[in-house]
1. Are any of the residues in the stretch 89-102 assigned to a loop (DSSP other than H, G, I, E, B) and buried (at least 18 other Cβ atoms within 10 Å of the Cβ)?
2. For the condition modelled with pLDDT of 95 or more, more than 30 Å from residue 131 (Cβ to Cβ), under 16 Å from the mean Cα position of the chain (by Cα) and crowded, with 19+ Cβ neighbours inside 10 Å, what is the one hit in 24, 55, 64?
3. What number of residues within the stretch 33-61 satisfy the criterion of being under 18 Å from residue 110 (Cα atoms) and either touching a helix residue (DSSP H, G or I) at 6+ places or on another chain (Cβ under 9 Å) or in contact (Cβ under 8 Å) with a residue 12 or more places away in the chain (or both)?
4. From the list 127, 105, pick out the single residue that is in a loop (DSSP other than H, G, I, E, B), buried (at least 18 other Cβ atoms within 10 Å of the Cβ) and either at pLDDT 90 or above or within 14 Å of the chain's Cα centre (by Cα) (or both).
């Protein structure tokens with residue numbers, strides 16, 4: 001089962017969170033690049049968290065572009081293809097502040113948020129991580 005199918009299963013109540021996270025980590029995601037000079041990954045803010053936009057395929061990315069008012073026929077969206085594991089293990093640690101991944105955000109009934117919590121992002125960047133007890137001693 002692919003990531004989109006795992007998301008559907010979880011949203012439908014028959015999926016398993018461990019399989020979902022595993023499939024997310026193994027999937028090559030399409031992450032659009034921001035339009036500015038910074039060349040960074042496109043993201044948005046919600047609830048004090050930066051959400052990096054990622055998509056399971058070009059059709060999902062095109063729906064996102066259309067939802068943002070872009071005409072896919074007149075503008076080409078540049079994107080990076082990156083494994084979910086690399087996105088959370090290597091990219092998120094370079095971003096300032098709590099950062100998660102929003103997958104297929106323009107797909108009604110098919111989107112999923114992967115928040116900055118233990119089990120998804122490295123513990124040092126998880127908002128729910130326990131403070132290092134060795135520092136308190």
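1. Scanning the stretch 89-102 turns up at least one residue that is assigned to a loop (DSSP other than H, G, I, E, B) and buried (at least 18 other Cβ atoms within 10 Å of the Cβ).
2. Sole residue among the options that is modelled with pLDDT of 95 or more, more than 30 Å from residue 131 (Cβ to Cβ), under 16 Å from the mean Cα position of the chain (by Cα) and crowded, with 19+ Cβ neighbours inside 10 Å: 55.
3. 10
4. Only one candidate passes the filter, namely 105.
For (1) in a strand (DSSP E or B); (2) within 26 Å of residue 126 (Cα to Cα), each residue gets a yes or a no:
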position: 13; (1), (2): no, yes
position: 22; (1), (2): no, yes
position: 52; (1), (2): yes, yes
position: 69; (1), (2): no, no
position: 76; (1), (2): no, no
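The values are calculated or read from the model by the stated rules, or taken from the named source; none is laboratory data. Remember, it's a predicted structure, so these values are computed and weren't measured experimentally. For neighbour counting, all protein chains shown are included, and Cβ atoms are generated from backbone atoms with ideal geometry for every residue, glycine included.
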